[in-house]
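Every number in this text was worked out from the coordinates using simple rules, so none of it is lab data. These numbers were taken from a predicted model, which means no experiment stands behind them. Every residue, glycine as well, gets a Cβ built from its backbone with ideal geometry; the counts of neighbours run over all protein chains shown.
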Amino acid sequence: MLYTDGLVEDRHRDIDEGLELLRRALAGSAGAPEEACDTVLRALLPGRPRDDVALLIARRRSLDGGRTAVWDVPSDPSAVGEVHSAVTRTMAGWGLEKEAFVTELIISELVTNAIRHASPPVRVRLVRDRALICEVSDGSSTSPHLRRATTTDEGGRGPFLVAQFADRWGTRYTANGKVIWTEQPLQGGGRWRRSAGVAGLRRRGRCGP
């Protein structure tokens, strides 16, 4: 839980009293984070607080091993095809054949970029949760830059394609490098525009490892 001091302290209540009220409110709340927020706010805030208040409550949960897949990738361009095949098999095992094409495209682009422009070790991780999360980590702290390649460029389209077909994407830095992550909706939650674009790429045969 993260909060600003206006939640537990004001001119009529010192911080020790506020912290005690906070502990009691949390002890009596066993619901979802949203419900816990409501309980805390009702217990600690007057009708019109004199200070701005921010409150964030998050709950961490773990996934069983069957919902994740991890591959270490050699620093060799030929390894992209092997990762592509492994992702295809994993997506089929998860019953996500409809999402497999976009996932293969995203991972192929990210792995190729990591092998060419980053430092080892390169690792791929898939996480199947409420959305499908793809992660490609490497030993470099340099992030890819999104740009539109011209018709005469031989490369530079990878990050642009990833941004088009992932619902969200970004970079997370670690002590030893970075992780490029993407998120895709499941259960048909993608937007029609992206589905149409994938069909067009398939017809033109422009994607592959």
Hz values of 3J(HN,Hα) by residue in the range 99-116 - Karplus curve (6.51, -1.76, 1.60), Gly and Pro given as x: 8, 5, 4, 5, 4, 4, 4, 4, 5, 4, 5, 5, 5, 4, 4, 5, 5, 7
Extension gain from VAL127 to ALA92, taking 0.36 nm per residue of separation minus the Cα-Cα distance: 11.2 nm
Estimated FRET transfer efficiency (HIS117, LEU21; beta-carbon r; R0 41 Å; 0.05): 0.20
5 angstrom amide H check on ASP167, placed H, neighbours 5+ away: GLU183, GLN184
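Counting Lys and Arg as +1 and Asp and Glu as -1, what is the net charge of the other residues whose Cβ lies under 9 Å from the Cβ of ALA131? Don't skip to the end; give the middle numbers.
Working: positive: ARG128, ARG130, ARG168; negative: ASP129, ASP167, GLU183.
Once all neighbours under 9 Å are counted, the net charge is 0.
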Mean Cβ count within 10 Å, highest first, over the residues of peptides 122-134, 60-72, 99-111: 99-111, 122-134, 60-72
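How much length, in nm to one decimal, is gained on full extension between SER62 and LEU186, taken as 0.36 nm per residue of separation minus their Cα-Cα distance? Let's see the in-between values first.
Numbers: separation 124, 0.36 × 124 = 44.64 nm, distance 1.90 nm.
Full extension from SER62 to LEU186 adds 42.7 nm.
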Cα pair distances of the range 28-99 binned at 10 Å [whole percent]: 14, 26, 17, 15, 18, 10, 1
Computed label-point distance, nm, for sites ALA43 and TYR3 using a 7 Å Cα→Cβ extension: 0.8 nm
